[in-house]
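Worksheet for the structure shown next.
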Amino acid sequence: MRLVLFGATGYAGGRIREEAVRRGHEVLGIARNAGALPEPKAAGSLHDADFVLDVTAGADAVVVAIPGRPMPDGTKLLDALPTLFAAAERHGVRIGVVGGAGSLRVSEDGPRVIDTPEFPAEFKPEASAHAEVLAALREAPEGVDWFYLSPAGTFGAYAPGERTGTYRLGGEVLVTDADGNSAIGGDDYAIAFVDELEEPAHRRQRFTVGY
């Protein structure tokens, strides 16, 4: 499988790249500053339409592992979705998005995580931006194949965890353990992500992963 990965130097993107390469897939890692990436790599932006359409030609999937909130130059992931949709329609590539947990519900009939009183205020801009991305994906043209994988509540460089090779999947509700904790390590998130790339089970869907 040939993958094009935007955000390859980030926490999730780096682990997805490593997992996919470990399994024998070809991964073109892309970042605005690609100097530290191993080959094959390219410096570029998801907001450069010509670049995106060029690098996705011949790929099986494009992985998007960049923040939802606006970047210092004012661009944001939501603005790049029309270009991704065009690439999917032109080249037949599948879109896989590293999503956020804030738009998940705490229970079947409960509020979204972002709407709970304990949700940190400093995380709300990112969570809100990613909720907008998910809403836009759900309005994608019918021929666009995408998936959006929300991590558990505790996920990131501050809590990398140990690689276990195990995980549990969910749909619109946060995955928690018997004690009510919601977490997933970086490596195990990547395993779940690449599993979906290899054996698609959530076409045009959001799903989530946790322990």
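Taken as a whole, the condition of being exposed (fewer than 13 other Cβ atoms within 10 Å of the Cβ) and more than 18 Å from GLU19 (Cα to Cα) does not apply to ASP145. Just one of the listed residues (VAL194, VAL209) is outside any helix (DSSP H, G or I), surrounded by 14 or more Cβ atoms within 10 Å (Cβ to Cβ) and not hydroxyl-bearing (Ser, Thr, Tyr), namely VAL209. For the stretch 40-70, a tally of residues being touching a Leu at 6+ places or on another chain (Cβ under 9 Å), assigned to a loop (DSSP other than H, G, I, E, B) and either hydrophobic (A, V, I, L, M, F, W, C) or on the phi > 0 side of the Ramachandran plot (or both) returns 4.
Mind listing just one residue for me: the one in the stretch 99-121 that is touching a Lys or Arg at 6+ places or on another chain (Cβ under 8 Å) and assigned to a loop (DSSP other than H, G, I, E, B) and, of those, surrounded by the fewest Cβ atoms within 10 Å (Cβ to Cβ)? For the stretch 99-121, the residue satisfying everything is PRO111. When the stretch 56-76 is filtered for residues that are among the aliphatic types (A, V, I, L, M) and surrounded by 19 or more Cβ atoms within 10 Å (Cβ to Cβ), the ones remaining, listed by number, are ALA59, ALA61, VAL62, VAL63, VAL64, ALA65, ILE66. Taking the stretch 170-191 as the range and being more than 18 Å from ARG17 (Cβ to Cβ), part of a loop (DSSP other than H, G, I, E, B) and of a type in the set (Gly, Ala, Ser) as the test, the residues that pass are GLY171, ALA178, GLY180, SER182. Residues in the stretch 171-191 that are surrounded by fewer than 21 Cβ atoms within 10 Å (Cβ to Cβ) and free of Cβ contacts under 8 Å to residues at least 60 places away in the same chain: GLY171, THR176, ASP177, ALA178, ASP179, GLY180, ASN181, ALA183.
Taking the stated definitions as given, is ALA131 more than 28 Å from PHE85 (Cα to Cα) and among the aliphatic types (A, V, I, L, M)? Criteria not met by ALA131. Residues considered: ALA34, ALA80. Of these, the only one that is under 17 Å from the mean Cα position of the chain (by Cα), aliphatic (A, V, I, L, M) and either over 24 Å from ASP195 (Cα atoms) or surrounded by fewer than 18 Cβ atoms within 10 Å (Cβ to Cβ) (or both) is ALA80.
With respect to the conditions (1) of a type in the set (D, E, K, R); (2) modelled with pLDDT of 95 or more; (3) within 25 Å of ALA135 (Cα to Cα); (4) surrounded by fewer than 17 Cβ atoms within 10 Å (Cβ to Cβ), GLU26 lacks only one, and its number is (3). Output yes when any residue across the stretch 88-96 is buried (at least 20 other Cβ atoms within 10 Å of the Cβ), outside any loop (DSSP other than H, G, I, E, B), within 17 Å of the chain's Cα centre (by Cα) and among the β-branched types (Val, Ile, Thr), and no when none is. Scanning the stretch 88-96, I find at least one residue that is buried (at least 20 other Cβ atoms within 10 Å of the Cβ), outside any loop (DSSP other than H, G, I, E, B), within 17 Å of the chain's Cα centre (by Cα) and among the β-branched types (Val, Ile, Thr), so the answer is yes. For ARG15, the test of being outside any loop (DSSP other than H, G, I, E, B) and among the basic types (Lys, Arg) is passed.
For PRO125, the stated conditions hold: it is exposed (fewer than 15 other Cβ atoms within 10 Å of the Cβ) and either within 17 Å of the chain's Cα centre (by Cα) or at pLDDT below 95 (or both). Filtering the stretch 150-157 for residues that are part of a helix (DSSP H, G or I) and over 27 Å from ALA59 (Cβ atoms) leaves an empty set.
The values are calculated or read from the model by the stated rules, or taken from the named source; none is laboratory data. Here the structure is a predicted model, which means the values were calculated and not measured. With ideal geometry, Cβ positions are generated from the backbone for all residues, glycine too; neighbour counts draw on all protein chains shown.
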